[in-house]
1. Would you kindly state how much longer the chain becomes between A:ARG4 and A:LEU32 on full extension, computed as 0.36 nm times their sequence separation minus their alpha carbon distance, in nm to one decimal?
2. Can you give the net charge of the other residues whose Cβ lies under 13 Å from the Cβ of B:LYS47, counting K and R as +1 and D and E as -1?
3. What is the calculated FRET efficiency for B:GLU25 to A:ALA191, with r their C-beta to C-beta distance and R₀ = 51 Å, to the nearest 0.05?
4. Using Cβ contacts closer than 10 Å as the measure, can you line up A:PHE110, B:PHE85 from fewest to most?
5. Given the Cα-Cα distance of B:ARG182 and B:LYS77 and 0.36 nm per residue of separation, how much length would full extension add, in nm?
6. Cut-off is 10 Å between beta-carbons; in what order do B:THR93, A:THR89, B:THR102 appear when sorted fewest neighbours first?
7. My understanding is that a pair violates if its Cα-Cα distance is over 30 Å; which of B:LYS47/B:LYS200; B:LYS110/B:LYS189; B:LYS77/B:LYS148; A:LYS33/B:LYS148 do that in this structure?
8. Which distance in nm do the two modelled labels at B:ASP154 and B:ASP88 give, with both placed 7 Å along the Cα-to-Cβ direction?
Amino acid sequence: MRVRHLNDFEIQGLLDRRATAPESDVPGERYLKDLEAQEHLDNCPTCLAEVAMYRRLFGELDESNECHLPRNFASKVTFSLPPFRARRTKARLQMAGIWAVASMVSLAWFLSKLDWNGIVGKLSLYGVLKLTALKAWLTTVTGGLSLPSFDLVRFWKPVSNFTNSIEQALATDGSAVGFVVLTACVLILIASLDNLYLTSTRHHRKPH
Amino acid sequence: MLQIEICNFCGLNSVYYNMGNHVTESARQHVAQILAGDPNAFKLLVKNHERLVGQVVFRMIINEADREDLCQDIFVKIYRNLSGFRFDSKLSTWIARIAFTTCLNYIEKKKLPLYEDTSPEGQTIDDCAAVNSTNPESWTGGRQASIKVCEEIDQLPVIYGTILSLFHLQDMSYAEISDILRMPSGTVKSYLFRARKMLKERLQVRYSMEELCA
């Protein structure tokens, strides 16, 4: 006698019903057919192999998520919409204003803590003006064609004087704290302005 | 009838007023929040549905460069049309329908095939077998099996891939899929069965039977 094997659709239907509905929910006629199919499967290695393959395939299909959108996709989409973008811009500008004021206050505090006598005393502006390189450049600009000579030691001296005086000034009471506070305020100010116009340009470009 | 489900927006269990297919006080509140201009409510909607939209788009659109832009366009459309959502279906079904229609328009504009096999240069299953019989690749070895399945799904007709994604990855019923694709449930079921049969045959040809069953 020729055995009738289960076809692809019967196997898929059987597996779908087993995956989604408990046996009691399967309608009577269908339940009997499933029982028949199961009896056939118990004695037919060919169909059993097909069932195993479909089961494996279904498992892989359940795992086959290929969609990889960027992690910040939701923010990107939300703030590309004009009303939300306008709101965020306003909120960020308000925040930036607050931190700009905080930066000014901390800058004033920091400057008040510096030892200005020490700085002015050590900073030789006259030395800067006497720089050979600057003189040579001026000569070139005013018509002379002589190549500039560059005296690195003489150029560097006033700069190092200035940095030394800042270091000494920072060593005075409270000025280091003032410097740290100022730096923090400026960084937060930059952060609050960062990404203000995120993705806003995409929807304004010309259609293809 | 009262029913407890997971909220589409906040992910928490909420009491839903289930009137047949119909939605939910909680969803109405969230939609109202979005319409009132709350960016966080919309961001949450995007987060909760980006996977669904992504799966439809990634399955239907072959051109990788356009996929993310298209996902973004879909959410912009969703935002613009949200005031017209009448809660006569699940929000996810409505969103998936917009995603499907947008992709369909893209496909029509680019004159790409929707129901045809998208194998490169009209490659048939036999061609595929001929190529791979010289260089058989293990089903289980090397790359993950699901990646191989994804590659094969990409070769199926676009509509088959979409139905496979909605059924297997989004756990949608035939009724929901038929609502999204605007085709009868019977057709969806038939396409799903044909898609899986075709996929199985392609995998059988590309990889040996033993490797598939391993």
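1. Working: separation 28, 0.36 × 28 = 10.08 nm, distance 1.69 nm.
Computed gain between A:ARG4 and A:LEU32 is 8.4 nm.
2. Around B:LYS47, the charge tally is +3.
3. The pair B:GLU25/A:ALA191 has a calculated efficiency of 0.85.
4. Result, fewest neighbours first: B:PHE85, A:PHE110.
5. Additional length available on full extension: 35.9 nm.
6. On the way: B:THR93 19, A:THR89 14, B:THR102 22.
Least crowded to most crowded, the residues run A:THR89, B:THR93, B:THR102.
7. Over 30 Å Cα-Cα: B:LYS47/B:LYS200; B:LYS77/B:LYS148; A:LYS33/B:LYS148.
8. Simple spin-label model gives 3.9 nm for this pair.
Rule-based calculations on the coordinates, nothing more; no lab input. Because the structure is a prediction, the values reported are computed rather than measured. Neighbour counts run over all protein chains shown; Cβ positions are idealised from the backbone, glycine included.
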